[in-house]
1. Provide the gained length on full extension for the span residue 380 to residue 201, in nm with one decimal, where the gain is 0.36 nm per separating residue minus the Cα-Cα distance.
2. Please report, in debye to the nearest 20, how large the charge dipole of region 249-389 is about its Cα centre when each Lys and Arg carries +1 at its beta carbon and each Asp and Glu carries -1 there.
3. Along region 70-86, what does the Karplus equation 6.51 cos²θ - 1.76 cosθ + 1.60 (θ = phi - 60°) give for ³J(HN,Hα), rounded to whole Hz, x for Gly and Pro?
4. Tell me which of 279, 295, 251 sits at the most positive position along the dipole axis of region 174-323, charges placed on C-beta atoms (Lys, Arg +1; Asp, Glu -1).
5. Size of the dipole of the chain about the Cα centre, Lys and Arg at +1 and Asp and Glu at -1 on the beta carbon, nothing else charged, in debye to 20?
6. If we count every other residue with Cβ under 14 angstrom of residue 65's Cβ, Lys/Arg +1 and Asp/Glu -1, where does the sum land?
7. Based on the Cβ-Cβ distance from residue 364 to residue 42, what FRET efficiency comes out when R0 is 45 Å, to the nearest 0.05?
8. Looking at the chain, send over the antiparallel percent of its DSSP beta bridges, to the nearest 5.
Amino acid sequence: MSISIGIHDMSIATGEFVLPHTALAEHNGTEIGKYHVGIGQESMSVPAADEDIVTMGAAAAAPIVARHGSDRIRTVVFATESSIDQAKSAGIYVHSLLGLPSAARVVELKQACYGATAALQFAIGLVARDPAQQVLVIASDVSKYGLDSPGEATQGAAAVAMLVGVNPALVRIEDPSGLFTADVMDFWRPNYRDTALVDGQESIGAYLQAVEGTWKDYAEQSGRSLDEFAAFCYHQPFTKMAYKAHRHLLNYCGHDTDNDDIARAIGQTTAYNTVIGNSYTASVYLALAALLDQADDLTGRPVGFLSYGSGSVAEFFAGTVVAGYKEHLRTGANREAIARRKPVDYAGYRALHERKFPADGGDHPTPSQTTGPFRLAGLSGHKRIYQAR
Ligand code: HMG
């Protein structure tokens, strides 16, 4: 019998502020139904001036280290596409803020929103080789598009931390995976830009093509049949995308596309993403957190995961929810991470959006805004200075 490896613990964090879509709609004259119904978004997380992928990633990971200790963690994989440095892994700052052992390897992984799934699979491989070890996987991103662009309404920010190990308390990740890669320019961010470029309709088409591709490969690898799954966690750049994707998958497989069936398969996965916005690498795992936090009882039930990253790479795989999982959830803390955000008005959001560190190597302290456990105190001599509070 193969050993059981998967997600042993999971914790989320998001930004200090929240911009409701009503404020964005009022600014740009959009009919609010387009946001609430058309793309399925209510609000977006906005990081404070003294927050970034490191502070959110550390905030997500800290409760996991507090609960399990760090003795077994020999690898930290930080998945992001909002990298703060071209050379140094953001994970090293987290490793330091959390006081993790020096006998560890820490790396950063990138492939758009797919990166955290690569990290999860790499973690499983390491644990299979040495079941005594645990891997800390952190997915953390700030999604930023141009002001007044169509993508603006799909921005967001969040981190999910997962402890991967044997005999997981939450979800056992199964073999096989369905894989798909295609060279498409649907969404990208050249190194000289801090906002993404996107061809919106092309990106939706590329995502749907990847859904087909991963499922085709999953079926060829003798995966489960569609009707075995209790729910499906899709990457959610906006929550309506999960509905589009699932409808597409059902069509592709020759199934009925009954709205109630689709709502049953997706409905409980969107609660966090609809108020946080696109958190890129974290999005599909926020869908899992929302599902586990809300579903009645998923013990023994398989959940389908569709992880998509523009460019593009996608993976479909199954995870089985483990008996007793409810005792290990962080439902209260997850809800609090979202509820504690402070509303920001449109002008405040715009000022934060336009904020940029000067590149002159000088001392640039940040205003003290976050009430989270970690803050980015500033930039000095081209170095980011972080503080634990
Ligand atoms: P848009 O042009 O602003 O909106 O772009 P639209 O005209 O396509 O309308 C959107 C929906 O709202 C439509 O529904 C309208 O009918 C509806 P649909 O036809 O899609 O079912 N609508 C209304 N509904 C109710 N009441 C109304 C109303 N008005 C219109 N009054 C778009 C939307 C998502 C393309 C844009 O926001 C965008 O470019 N977003 C960024 C790209 C994106 O999220 N792509 C998703 C797939 S790619 C991906 O997932 C990867 C990504 O996460 C990056 C990564 O991998 O790193 C992005």
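Each reported figure results from applying straightforward, stated rules to the coordinates on display, with no laboratory input. Being a predicted model, the structure only gives us computed values, none of them experimental. Neighbour counts are summed over all protein chains in view; Cβ atoms, including those assigned to glycine, are modelled from backbone coordinates with ideal geometry.
1. Details: separation 179, 0.36 × 179 = 64.44 nm, distance 4.11 nm.
Separation in residues times 0.36 nm, less the Cα-Cα distance, equals 60.3 nm.
2. Values: 15 positive and 14 negative charges, 184 e Å.
That gives region 249-389 a dipole magnitude of about 880 debye.
3. Ordered by residue, 3J(HN,Hα) equals 10, 4, 8, 7, 10, 9, 10, 10, 10, 9, 7, 10, 10, 4, 9, 8, 7 Hz.
4. 279
5. Values: 32 positive and 42 negative charges, 227 e Å.
It works out to roughly 1100 debye.
6. Values: positive: 67, 72, 74, 330; negative: 9, 71.
Local net charge: +2.
7. Values: r = 34 Å, r/R0 = 0.75.
E(calc), rounded to 0.05, equals 0.85.
8. Working: 51 of 69 bridges.
Among the beta bridges of the chain, antiparallel pairing accounts for roughly 75 percent.
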